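So the structure is just underneath, and the comments pick up after that.
The values are calculated or read from the model by the stated rules, or taken from the named source; none is laboratory data. The structure presented is a predicted model; accordingly, all values stated were derived computationally and were not measured. Methodologically, a virtual Cβ is constructed for each residue, glycine included, from the backbone with ideal geometry; neighbour enumeration extends over all protein chains shown. Note: accessible area is taken over every heavy atom of the protein model, side chains too, but ligands, DNA and RNA are not part of it. Shrake-Rupley method; radii C 1.70, N 1.55, O 1.52, S 1.80 Å.
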Protein chains: 2
Amino acid sequence: MIGHVQPSPVAAAAMADDAPGAAETPRDPWVLDEVGALARETLGERVTAELRALLVAGRLAPGEKLSLRRVAEALGVSMMPVREAVSRLAADGALEVLPGRAVRVPVLTLAQFRELTRLRLVVEGFAAEEAARKATPDQLARIAAHEAAFRQAASAEAPDPAGAVAANRDLHFALYEAAGMPSLIEMIERLWLKAGPILNLDMRHEPRRLKGGRAMQEHEKLLAALRRGDAAAARAALEADIGAAAAHIEQTGQLKESD
Amino acid sequence: MIGHVQPSPVAAAAMADDAPGAAETPRDPWVLDEVGALARETLGERVTAELRALLVAGRLAPGEKLSLRRVAEALGVSMMPVREAVSRLAADGALEVLPGRAVRVPVLTLAQFRELTRLRLVVEGFAAEEAARKATPDQLARIAAHEAAFRQAASAEAPDPAGAVAANRDLHFALYEAAGMPSLIEMIERLWLKAGPILNLDMRHEPRRLKGGRAMQEHEKLLAALRRGDAAAARAALEADIGAAAAHIEQTGQLKESD
DNA sequence: TGTCGTGATCTGTGATCACAGTTAAGTTGG
DNA sequence: CCAACTTAACTGTGATCACAGATCACGACA
């Protein structure tokens, strides 16, 4: 149940119905017992994961309206699983259903965005501290790999916005995973779900922000801090990263003034 | 929480290029403007609220199994709204749906409970600091009232467990509300939803813990700190309150040993 | 020409039905 | 008397239908 889908390159194609292997009657202790219960993902969960990916990647713009029937048809499923997915995401505040109208991606107020940023500083900052204390060499290597991927996508002559967004997300969540606190990761995912649309939509539209290099600098500092187990420095670097991105968003003025 | 209706039915467009200075045509102040959109609570939301209340109050014990049809019949509604409610709560981790079996209240591992406690210390501690800085006299009075209610319910000759649980919850959330950060409150509600069953189920079964008075002491310190705007002291008192309760729970050993 | 009424169309919400899988009781065979 | 099998009841999941409310476009009236 905790198991979310691995951050994977977003392939938002139609979801084909592949028949999952039927469970064979387990008689004796067998080799296949180790593979555990094969994740019989329900349709609703798959739709939820799909929409989540679209949201954090900024491919659904704030204010964009969704229709249950349209989404259902696009994904090749009935309206039912979509309802469930939208219900969950609406409960998380990642979507909002207006009374009689439609369901849409929330448009954040400036105040709401600032609150979200403050919460991110508190929560993700804590995660960075914890990761600096407990990260294993293996986890550090994974973080470094994503950092390299981000640098490549961001500093290339022709920046790859989508790739940079994905690498940035993978880098951050590899860091948070190193903290070893599943509920903390869920909390952060929820924050990203809310802030993702503006943050990454913007990065998609203004790829030159990437070349500014501020994010890369902080990522580098972060990695160095992690390697020497410096919790305070890791937190500072992450806070600088978050703060810089938030400041840029506020400059663009894509946020609603008030409610 | 979600339902907001735009006051103006006319100017809802302008999503792409919106000039911030564009003022609406001022209509005459109409009497009916004051009556806001009457809260058309959907059935699913009401069921969700009902189950949430039952969970945080500890009236649904960990491991207890629920049946969609049973709950639907008990609440006098169809199975549909219950499905939606369970979907949301399951997405929050407040309930869990086992693959082919039933839906039940999660039984926390010791490790999970400790992680939850740490997160509560971080998040609710931050909320206490913020509240100490920003609480208005009105909000302080409300917190004090709940503190008095808790003291009465806990220190009476015949302790009132249900009343104490409710007063304790009201006290805490009045505090968090004083921080003025809606998303923060949602975050804390989610944490309480997960920890509520064990915390309050125990308080219900062991009312003598109330008479120990540890909670009352910390509540008193907390209130004093709030009144003099001492953020650090407020955080310390709240952390002591949370820590004491958590330590008691761990002693009782109602938690699963491992996964 | 501007404004309001009116109908078609689309929205989410709720109910009912069908189905595969699991659980638990009932029953049979040893 | 106990174990294993069979069957019946119940589980969540998904699909389909019905319905009130909202949106939008077109047309009538002033």
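Couple of notes before you dig in:
- Flag for B:Glu129 being open to solvent by 30 Å² or more (accessible area, probe 1.4 Å), outside any helix (DSSP H, G or I) and among the charged types (D, E, K, R): no
- Odd one out for A:Ala158, checked against (1) within 30 Å of B:Leu191 (Cα to Cα); (2) of a type in the set (Gly, Ala, Ser); (3) more than 14 Å from every other protein chain (Cβ to nearest Cβ); (4) open to solvent by 40 Å² or more (accessible area, probe 1.4 Å): (1)
- Some residue of segment A:124-144 being of a type outside the set (Asp, Glu) and within 9 Å of chain B (Cβ to nearest Cβ): yes
- Some residue of segment A:89-108 being touching a Leu at 6+ places or on another chain (Cβ under 9 Å), more than 16 Å from DNA strand C (Cβ to nearest atom) and not in a helix (DSSP H, G or I): yes
- Close pairs from segment B:93-109: first within 21 Å of A:Arg190 (Cα to Cα) and without any contact (Cβ under 8 Å) to a residue 40 or more places away in the chain, partner assigned to a loop (DSSP other than H, G, I, E, B) and more than 11 Å from DNA strand C (Cβ to nearest atom), Cβ under 6 Å, at least 6 apart: B:Glu96/A:Met1; B:Glu96/B:Pro106
- In the set A:Leu175, A:Leu171, A:Leu121, only one residue is in contact with a helix residue (DSSP H, G or I) (Cβ under 8 Å, 6 or more places away or on another chain) and open to solvent by 20 Å² or more (accessible area, probe 1.4 Å); that residue is A:Leu121.
- Hey, A:Arg235 surrounded by fewer than 22 Cβ atoms within 10 Å (Cβ to Cβ) and either at pLDDT 85 or above or outside the structural domain of A:Ala90 (by TED's automatic domain parsing) (or both) or not: no
- So B:Ala144, is it open to solvent by 10 Å² or more (accessible area, probe 1.4 Å) and within 15 Å of DNA strand D (Cβ to nearest atom): no
- Checked against (1) in contact with a Pro (Cβ under 7 Å, 6 or more places away or on another chain); (2) modelled with pLDDT under 75, A:Glu206 passes all but a single condition, namely (1).
- All told, B:Gly76 meets the bar of being within 12 Å of DNA strand C (Cβ to nearest atom), open to solvent by 60 Å² or more (accessible area, probe 1.4 Å), away from chain A (no Cβ under 14 Å) and not charged (D, E, K, R).
- Residue pairs whose Cβ atoms lie under 7 Å apart, sitting 6 or more positions apart in sequence or on different chains, and linking a residue in segment A:185-202 that is within 12 Å of chain B (Cβ to nearest Cβ) and open to solvent by less than 10 Å² (accessible area, probe 1.4 Å) to a partner that is outside any helix (DSSP H, G or I) and among the aliphatic types (A, V, I, L, M), are A:Leu193/A:Ala94.
- Evaluation of B:Gly76 against (1) on the phi < 0 side of the Ramachandran plot; (2) free of Cβ contacts under 8 Å to residues at least 24 places away in the same chain (one fails), failing number: (1)
- When B:Arg114 is tested against the conditions (1) within 10 Å of chain A (Cβ to nearest Cβ); (2) under 18 Å from the mean Cα position of the chain (by Cα); (3) part of a helix (DSSP H, G or I), the lone failure is (2).
- Candidate set from segment A:50-71 (those that are in a helix (DSSP H, G or I), within 9 Å of DNA strand C (Cβ to nearest atom) and surrounded by 16 or more Cβ atoms within 10 Å (Cβ to Cβ)); member that is nearest to the other protein chains (Cβ to nearest Cβ): A:Leu68
- Verdict on A:Ala149 being touching a residue at least 60 places away in the same chain (Cβ under 8 Å), out of contact with any His (no Cβ under 9 Å at 6 or more places or on another chain) and under 27 Å from A:Arg228 (Cβ atoms): no
Conditions (1) under 22 Å from A:Ile198 (Cβ atoms); (2) within 10 Å of DNA strand D (Cβ to nearest atom); (3) at pLDDT 90 or above, marked per residue:
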site: A:Asp33; (1), (2), (3): no, no, no
site: A:Gly36; (1), (2), (3): no, no, no
site: A:Leu51; (1), (2), (3): yes, no, yes
site: A:Val71; (1), (2), (3): yes, no, yes
site: A:Pro81; (1), (2), (3): no, yes, yes
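- Segment A:84-106, subset within 8 Å of another protein chain (Cβ to nearest Cβ) and of a type in the set (D, E, K, R), residue farthest from DNA strand D (Cβ to nearest atom): A:Asp92
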